[in-house]
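The values are calculated or read from the model by the stated rules, or taken from the named source; none is laboratory data. As the structure is a computational prediction, the values presented were derived from the model and not from experiment. Please note: Cβ atoms are built from the backbone with ideal geometry, for glycine as well, and neighbour counts cover all protein chains shown. Accessible surface is based on the protein model in full, side chains and every heavy atom, while ligands, DNA and RNA are left aside. Shrake-Rupley method; radii C 1.70, N 1.55, O 1.52, S 1.80 Å.
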Amino acid sequence: MNKPADTLHPYLAQWPDLGTGPVPVAPVVSPEYFEREREAVFKKIWLNLGRVEDIPNPGDYLVRDVAILKASIILARGDDGQVRAFHNVCRHRGNQVAQGRGNSKGFACGFHGWTYDTAGQCVFVPDEEAFFDLDRAQMNLPPVRCETFAGFIFVTVNPAAAPLAQYLGGFGEQIRDFPFHTMQRMHTLQADVNCNWKVFVDAFQESYHGRFVHKLTATAAGCTDDDPYAHLTSVRLFGPHRSASVPFNPGYQPSPAEALSFKYAQSLWLHEGNAGTQRVPGTNPQGHPNWLFDINVCFPNFFVDVSSSWFFTYHFWPVAVDRTHWEYNFYMLPPANAGERISREFSKLYLRDLLREDLSTVETTQAGLSSGAIEHIILSDQEVAVRHQYKVVDDMVNGRWRG
C-alpha cells in the first residue's frame, strides 16, 4: 500500500514554493558568488558575536575579527553596564586599539597613544594642540550597531537594518524563554576547515546522515525499526531562519559508560519522552513525545540548539569561498556535586566525538563539489532546511528577498 504524498513529503506540502528540483553547485564553489554573499548577506543583516557572559563586568571587552566583514569589532561593557560594539579602528590613522580580551579602563592605540574609554569616547590625544581644528568629541571609536536578545549579543554594519527583534521574528519568539542564563559554558572547540560555509552548515541541519556518520556512536539513539532514518518530527521556517526537531528512540539502551553517567545526573540524552521531565520553555514546540533536541538556525551562520538540560551554539564564519572558521560552545547547568560533574564531563566528551564525526565529511564534500564532476546536488524532503538555506541566500544575492 502506497503512503500518501503528504506523509512521504510533509514539508513540500507546507512550503511548495521551495520546489523539489536539484540545487546548483555553483554557489559553493564560485569566488564571485562568495563576494556577492559578503555584500548582500553578511553586510546587510544581524550577526551573533557571543553572549553577555563573555563580558560580564564593567570594563570587560572582547575583540572579534570577522573576516567576512573585513572588520575587527570590539565588544565592551561600559561603566554604566551597557554592552556596546565598535570598529577596532583608531580615528587618527586607522591602527587597531585592542586585541584579545580582558578588562580595562579603555583602549590606547599603540601607534601614537590616542586613548578611548569603554564607551568609545576619545579621552586623550597626545600633543592635541598641534592638530588643525581638532574636535576630540568627534573622534570617538566608530560605533557598530549592537543589540542583545536572550543574552546573545548581535551586531550589524548596516545602518538601515531593521531592529533585532523584528529580524528574529518568530524564531526569536520560539526560543526567547529558554533558560540560557542559568547554564554555563562547559566546552569550546574551534577549527579552520577547507569548505564553503554553506556546505558546513548543511552537515548540521538534517538528521538523514545520523545512521551513517554516527553509526558507531549515536544511531541507536534516534533510529528505530519504524523510522530507520530518524525523520525530523517537525520543521518550522521563520523568514530566513529555521528550526527542526530531532527524534529520540524510546527503546534506546545506553552503553555501560552512559548508564553510569545517567546514574549520577542528567546527561546528554536526557529528553522529555522517557524521563517524564516538565517541558522546558523554548523547546519541542510541537510537543512530540519522543524528542531529543531542536536544531535552531539563526540565519545566516549561527546555530543555537536546545534540549531539556543543555544548549550549544555553532558559528560558521566564512573566510573564503572554500574556507570556514567554525566555533562551538556547549552549555549545561552548573554541577552541584561530584556525580553531576562526572555526568557533565561524559556529555561534553560524547558530543565532542559526535562533532568529530560530523567534521569528517565536510572537506571531502567540498573537494567533490569543487572537482566539477557534478553541477547539482539532490535533496530529499527531509533535507528541507538545506533547501531553504540555499533559496534564502540566492534570493538575497539576486535581490529577490522580501522577508
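Rolling a 1.4 Å probe across all protein chains gives Ser371 an accessible area of roughly 80 Å². For the options Leu49, Leu333, Leu349, a Gaussian network treatment of the chain with springs between C-alpha atoms closer than 10 Å singles out Leu349 as fluctuating the most. Mean separation of Cα pairs under 8 Å and 6 or more residues apart, divided by the residue count, gives segment 129-251 a relative contact order of 17 percent. Per residue, the accessible area of segment 1-82 comes to 50 Å² when a 1.4 Å probe rolls over the protein heavy atoms.
Among the DSSP helices (H) of the chain, none spans at least 18 angstrom by Cα along its long axis with an average Kyte-Doolittle hydropathy of 1.6 or more; this is a geometric and hydropathy rule only.
Please compare each pair in Lys43/Lys198; Lys263/Lys348; Lys44/Lys105; Lys44/Lys198; Lys43/Lys105 to a cut-off of 26 Å on the Cα-Cα distance and tell me which ones are over it. Beyond 26 Å between Cα atoms: Lys44/Lys105; Lys43/Lys105.
Qualifying chymotrypsin sites (Phe, Trp or Tyr not before Pro) in segment 25-131, where qualification requires a DSSP coil assignment and no more than 16 other C-beta atoms within 10 Å, comprise Phe111, Phe131.
Would segment 276-349 count as rounded, prolate or oblate if I go by the C-alpha gyration tensor, calling it rounded below 1.5 in a/c and otherwise prolate when a/b exceeds b/c, oblate otherwise? Here segment 276-349 falls in the oblate category. At a probe radius of 1.4 angstrom, the accessible area of segment 193-257 per residue rounds to 40 square angstrom. Using Cα centres only, tell me the gap between segment 131-179 and segment 302-324 in whole Å. Each part's Cα centre sits 20 Å from the other's. Using a probe of 1.4 angstrom and keeping all protein chains present, the accessible surface of segment 93-190 works out to 55 square angstrom per residue.
Taking Ile374, Ile68, Ile295 in turn, the Gaussian network model of the chain (Cα-Cα springs below 10 Å) assigns the largest fluctuation to Ile374. Residues of segment 149-179 with amide nitrogen under 18 Å from the 7 Å Cα-to-Cβ point of Arg279? From segment 149-179, the list is 170-179. In this label model, Ala67 and Thr7 are separated by 4.8 nm, measuring between points 7 Å along each Cα→Cβ vector. Quick one: among Ala40, Ala367, Ala257, which has the greatest mean-square fluctuation in a GNM of the chain with alpha-carbon springs under 10 angstrom? Among Ala40, Ala367, Ala257, the largest GNM mean-square fluctuation belongs to Ala257. Solvent-accessible area assigned to carbon and sulfur over the chain amounts to 52 percent, based on a 1.4 Å probe. Classify segment 1-138: rounded, prolate or oblate, from the alpha-carbon gyration tensor (a ≥ b ≥ c, eigenvalue square roots; a/c under 1.5 rounded; otherwise prolate if a/b is larger than b/c)? The shape class here is prolate.
Loop-located trypsin sites (Lys or Arg not before Pro) across segment 269-378 with a Cβ neighbour count of 15 or fewer within 10 Å are Arg279, with loop assigned by DSSP. Computed over the chain, relative contact order equals 20 percent, with contacts defined as Cα pairs under 8 Å that lie 6+ residues apart.
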